[in-house]
1. If we scan segment 80-98, do we find a residue that is more than 17 Å from LYS19 (Cα to Cα), part of a loop (DSSP other than H, G, I, E, B) and not β-branched (Val, Ile, Thr)?
2. Kindly indicate which of GLU127, GLU144 is open to solvent by 20 Å² or more (accessible area, probe 1.4 Å) and in contact with a Leu (Cβ under 8 Å, 6 or more places away or on another chain).
3. Identify, by number, the condition in (1) touching a Ser or Thr at 6+ places or on another chain (Cβ under 9 Å); (2) outside any loop (DSSP other than H, G, I, E, B); (3) not charged (D, E, K, R) that SER61 doesn't meet.
4. Answer yes or no: is there a residue in segment 7-21 that is surrounded by 14 or more Cβ atoms within 10 Å (Cβ to Cβ), at pLDDT 95 or above, among the aromatic types (Phe, Trp, Tyr) and more than 16 Å from VAL157 (Cα to Cα).
5. Test ALA70 against the stated conditions and say whether it is open to solvent by less than 20 Å² (accessible area, probe 1.4 Å), closer than 21 Å to GLU159 by Cα, assigned to a helix (DSSP H, G or I) and not aromatic (Phe, Trp, Tyr).
6. Can you find, within segment 23-34, the residue that is farthest from the chain's Cα centre (by Cα) among those that are closer than 26 Å to LEU152 by Cβ and not in a loop (DSSP other than H, G, I, E, B)?
7. Could you run through segment 39-55 and say how many residues are open to solvent by less than 20 Å² (accessible area, probe 1.4 Å), closer than 15 Å to ALA67 by Cα and either among the hydrophobic types (A, V, I, L, M, F, W, C) or not in a helix (DSSP H, G or I) (or both)?
8. Scan segment 156-167 and tell me whether some residue there is open to solvent by less than 10 Å² (accessible area, probe 1.4 Å), in contact with a Phe, Trp or Tyr (Cβ under 6 Å, 6 or more places away or on another chain) and either modelled with pLDDT under 85 or in a strand (DSSP E or B) (or both).
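The values are calculated or read from the model by the stated rules, or taken from the named source; none is laboratory data. Bear in mind that the values here come from a model prediction, so they are computed numbers and not experimental data. Every residue, glycine as well, gets a Cβ built from its backbone with ideal geometry; the counts of neighbours run over all protein chains shown. We work out accessible area using only protein heavy atoms, side chains counted, and drop any ligands, DNA or RNA first. Shrake-Rupley method; radii C 1.70, N 1.55, O 1.52, S 1.80 Å.
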Amino acid sequence: QQGRGRAGHRFESVGNCLKRFYDEVLPFPLTEAQKRVVREIRRDMGSGASMNRLVQGDVGSGKTLVAFMAMLLAVDNGFQAALMAPTEILAQQHARSLAEWTEPLGLRMGLLTGSVKGSARKTLLAELADGSLNLLVGTHALIEDPVLFHNLGLAVVDEQHRFGVAQRLALRSKMTAGGQEPHLLMMTATP
């Protein structure tokens, strides 16, 4: 499902990261449904309007894989991407999955939760702000005041029903740069 609205970043090119992931890293062939959703997301993210899409599917249906491919599209177009999960455990699970996929591509990913403290947090925030981190996975810690993205192009929200409207709006408004909102992809399990 796609909602249309404000101006968004136009991601027109499929670059090296997404191509290499598809050709070399992808752990299994995509289903026809996954291919269709990836095509729809590519079309939305290339339209010039800010994407606001919900991806719904059963647990294990590949929602995270589809979201990761959208994140790679953002990186290929010179932007950062973030994935926000409702709990620290879920954020850690996402970070482990994404680490398996990002490492062969040479991408830098960070994990930001309430338990990341001190110098580790300070370093992570600095790398996020200067753009040396490509991807960030975290909890609601992503919408706290000191978190500044260099150029966020895509925000993925997992189990979006567990976040209030105010939290989702805070995530989106915090990440708006140059009058253009980041694309928003929400994932939820089939009810």
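1. Looking for residues that are more than 17 Å from LYS19 (Cα to Cα), part of a loop (DSSP other than H, G, I, E, B) and not β-branched (Val, Ile, Thr), one finds at least one in segment 80-98, hence yes.
2. GLU127
3. (2)
4. Looking for residues that are surrounded by 14 or more Cβ atoms within 10 Å (Cβ to Cβ), at pLDDT 95 or above, among the aromatic types (Phe, Trp, Tyr) and more than 16 Å from VAL157 (Cα to Cα), one finds at least one in segment 7-21, hence yes.
5. Taking the combined requirement at face value, the residue satisfies it.
6. VAL25
7. Total satisfying the criteria: 5.
8. No: zero hits.
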